[in-house]
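Q: One structure coming up, written as structure tokens, with questions to follow.
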Amino acid sequence: MENIIGERIKELRIKNNMTQQDLANIVGLTSTGISYWESGKARPDSTMINKLSDYFNVSIDFLYGKNNLNNELNKDEEMNILFRKATQLDDSKKQKLKGILKAGIDALWEEEEDETKL
């Protein structure tokens with residue numbers, strides 16, 4: 001029996017540099033449960049499929065293998081995933097991240113302004 005769902009979950013998890021435990025924490029499961037999904041020993045129920053679809057910003061059809069439109073995450077999807085991960089940080093780390101983002105964005109805007117002056 002094919003294990004498209006498990007393969008897709010593993011693919012998304014690895015693309016996002018996540019361990020099975022990381023994903024388990026997000027969906028409220030154990031790492032063993034994630035392992036079972038990925039190996040085809042078990043399948044996620046519809047609630048879990050919806051959580052995975054929302055978290056990874058992919059369609060349910062993609063998880064079921066009905067399309068390949070989401071094989072490569074586009075840049076906007078990658079940004080969405082990064083922001084979702086950022087929301088899981090504690091308040092002190094969120095403040096540090098906010099400072100880093102502000103400094104980085106300000107530097108990019110300055111760089112862009114310099115390029116338009118050329």
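Q: Rounded to the nearest 20 Debye, what is the dipole magnitude of the chain about its Cα centre when Lys and Arg each give +1 and Asp and Glu each give -1 at the C-beta?
A: Roughly 680 debye, rounded to the nearest 20.
Q: For a 21 Å ceiling on Cα separation, which of these pairs sit above it: LYS51/LYS98; LYS10/LYS102; LYS10/LYS66; LYS15/LYS98?
A: LYS51/LYS98; LYS10/LYS102; LYS15/LYS98
Q: Just LEU12, LEU29, LEU63 to compare: in a GNM of the chain, with alpha carbon springs under 10 Å, which one fluctuates most?
A: Greatest mean-square fluctuation among the candidates belongs to LEU29.
Q: Mean-square fluctuation check for the chain, GNM, Cα pairs under 10 Å: which of GLY65, GLY28, GLY104 is largest?
A: Maximum fluctuation in the GNM of the chain, among the listed residues, is at GLY104.
Q: How far is it, in nm, from the label point at ASP90 to the one at LYS66 when both lie 7 Å from their Cα along the line to the Cβ?
A: Computed distance between label sites ASP90 and LYS66 equals 4.3 nm.
Q: Another question about this same structure. By counting other Cβ atoms within 10 Å of each Cβ, how are THR47, THR32 ranked from fewest to most?
A: THR47, THR32
Q: I've got another one for you. Neighbour counts of other C-beta atoms within 10 Å: give me GLU11, GLU111 arranged from fewest to most.
A: Fewest to most other Cβ atoms nearby, the residues stand as GLU111, GLU11.
Q: Taking the Cα atoms only, what angle lies between the long axis of helix 75-86 and the longest principal axis of the chain, rounded to 10 degrees?
A: The helix 75-86 is inclined about 90 degrees to the chain.
Q: What ranking of TYR36, TYR64 emerges when the number of other C-beta atoms within 10 Å of each C-beta is taken as an exposure proxy, fewest first?
A: TYR64, TYR36
Q: Rank ALA107, ILE34, SER92 by how far each Cα sits towards the positive end of the charge dipole of the chain (+1 on Lys, Arg Cβ; -1 on Asp, Glu Cβ) and give me just the farthest.
A: ILE34
Q: For the Cα atoms of the chain, what angle does the longest principal axis make with the long axis of helix 46-56, in degrees from 0 to 90, nearest 10?
A: For 46-56 against the chain, the angle is about 20 degrees.
Just so you know, all these numbers are worked out from the coordinates, no wet-lab data involved. Quick caveat: nothing in here was measured; it's all calculated off a predicted structure. FYI the Cβ positions are ideal-geometry reconstructions off the backbone, even for glycines, and counts take in every protein chain you see.
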